[in-house]
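Below is one structure; the comments refer to it alone.
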Amino acid sequence: MTATALAFDLGGTDLRAAIVTQAGEVRQALTVPTLAREGVDAVLDQMTSLAKTLMAGTDGTIAGVGLGAPGPLDPLAGIMVAPPTLSGWHDVAVVKRLSARLGLPVFLDNDANVAALGEWRHGAGRGFETVLFVTVSTGIGGGVVSNGRIFHGRRGLAVEIGHMTISGFGPTCLCGNVGCFEALASGTALGHRGADAALRPGGEKIAAAQSAIGRPGARAVVEAARVDDPVALALIAKEAEWLGIGLTNLLHIFSPDIVVFGGGLSNAFDLLIGGIRSVVATRAMSAYRDVVIVRAGLGTNAGLVGAAGLVFTPSSSATREDRHQT
Ligand SMILES: [Zn+2]
């Protein structure tokens, strides 16, 4: 009989759940809008309800529950600390509470770490010893899996790459600092530069793309770049430069065998990779320059596949003794 896990991908907008096999196959995925403003019990009720629906439809044994959730969280203690996108979630012992409701062991980690694990097990990072996963969307997140183990650091707070300083200047980040990787290189930052450019002479193609999409954002810049608009291409080149600078720091710190690039902006990977590589080729020390850089392989399923990976790769995270089990 196929071993399966119950996987949750908890976001501030959507709550996804699925049965996932040990081979990484996603079965019967369900998505509901997260009751993000209604407090802890409302969301736990949603998760319990999805679990019952999914478990009723499976004939296999569920080995455990994997939960990918927004940080900050403490994966070792099983506690969600204070996710900004979920109201009322302060120091919630989610592992203990969900485990009590479902009668199964629950394994928790933050969404970027979970996606990194998913890409290492079944995606673009498969077969590589040390995988650095970088997700660039609204913000920037990351995860490192080395020898099958997520690198956690103290309280599970490691690899918060969006808030490393890559410039002494720049826009103020949500964290309050200036010069954060996320404030300069996220999709949001590219979208802001695009919106500014759209108002200036030469920005007509970006403005038209914004109108067609219905709002400004990184996607409008990418679409204008795809029709060779020079202003959009210059913005993409600048974006690639910031990504390359951040990535160069990360290569020197982690020396991964492969960098897996995910998130919404990975849709423009083909436009960005040349610029990223040329920054790495000039800024990284020579021993680091030949690192493999690829686009993520699992797409929107990375969170579910990775959450299941927490169950099937128990050594990926805390030791079993650390777990809260029923
Ligand atoms: Zn920051």
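Find me the longest stretch of the chain that has none of the exposed trypsin sites (Lys or Arg not before Pro), where exposed means in a DSSP loop (not H, G, I, E or B) with at most 15 other Cβ atoms within 10 Å. The segment 127-288 is the longest one with no such site. For the chain, the longest principal axis of the alpha carbon atoms and the long axis of helix 40-56 meet at an angle near 70°.
Backbone phi angles across the stretch 128-138, fed through the Karplus curve with coefficients 6.51, -1.76 and 1.60 (θ = phi - 60°), yield HN-Hα couplings of 9, 6, 10, 10, 9, 9, 10, 10, 10, 9, 4 Hz in residue order; Gly and Pro are listed as x. Note on the stretch 4-111: dipole from Cβ charges, positive end direction compared against G57, G39, G71; the farthest Cα belongs to G57. Quote the charge dipole size of the chain about the Cα centre in Debye, to the nearest 20; the model charges only the Cβ of Lys and Arg (+1) and of Asp and Glu (-1). Using only the charged Cβ atoms, the result is roughly 100 debye. Between S255 and K238, the simple spin-label model (points 7 angstrom out along Cα→Cβ) gives 3.6 nm.
Computed from backbone phi, the HN-Hα couplings of the stretch 173-188 come to 7, 4, 7, x, 8, 10, x, 5, 3, 5, 5, 9, 10, 6, x, 4 Hz, rounded to whole numbers (Karplus: 6.51 cos²θ - 1.76 cosθ + 1.60, θ = phi - 60°; Gly and Pro given as x).
Rounded to the nearest 10 degrees, the angle from helix 302-312 to the longest Cα principal axis of the chain is 40 degrees.
For the stretch 16-25, backbone phi angles converted through the Karplus equation (6.51, -1.76, 1.60; θ = phi - 60°) give residue-by-residue couplings of 10, 9, 7, 8, 10, 7, 4, 7, x, 7 Hz, Gly and Pro being listed as x. Bridging of K238 to lysines at a Cα separation below 23 Å is possible for K205, once same-chain residues fewer than 8 apart are set aside.
For T4, the amide hydrogen comes within under 5 Å of the amide hydrogens of T61, A63, counting only partners 5 or more places away or on other chains and with H modelled in the peptide plane.
Amide H to amide H distances under 5 Å link R295 with F261, where only residues 5 or more positions off or on other chains count and H is placed in the peptide plane. In this rough spin-label picture, where each label sits 7 Å from Cα along the Cβ direction, the A29-T85 distance is 1.5 nm.
Laboratory data are not the source of any read-out in this text; all were calculated from the coordinates shown. These figures come from a predicted structure and were not determined experimentally. As a convention, Cβ positions derive from the backbone with ideal geometry for all residues, glycine included, and neighbour counts pool all protein chains shown.
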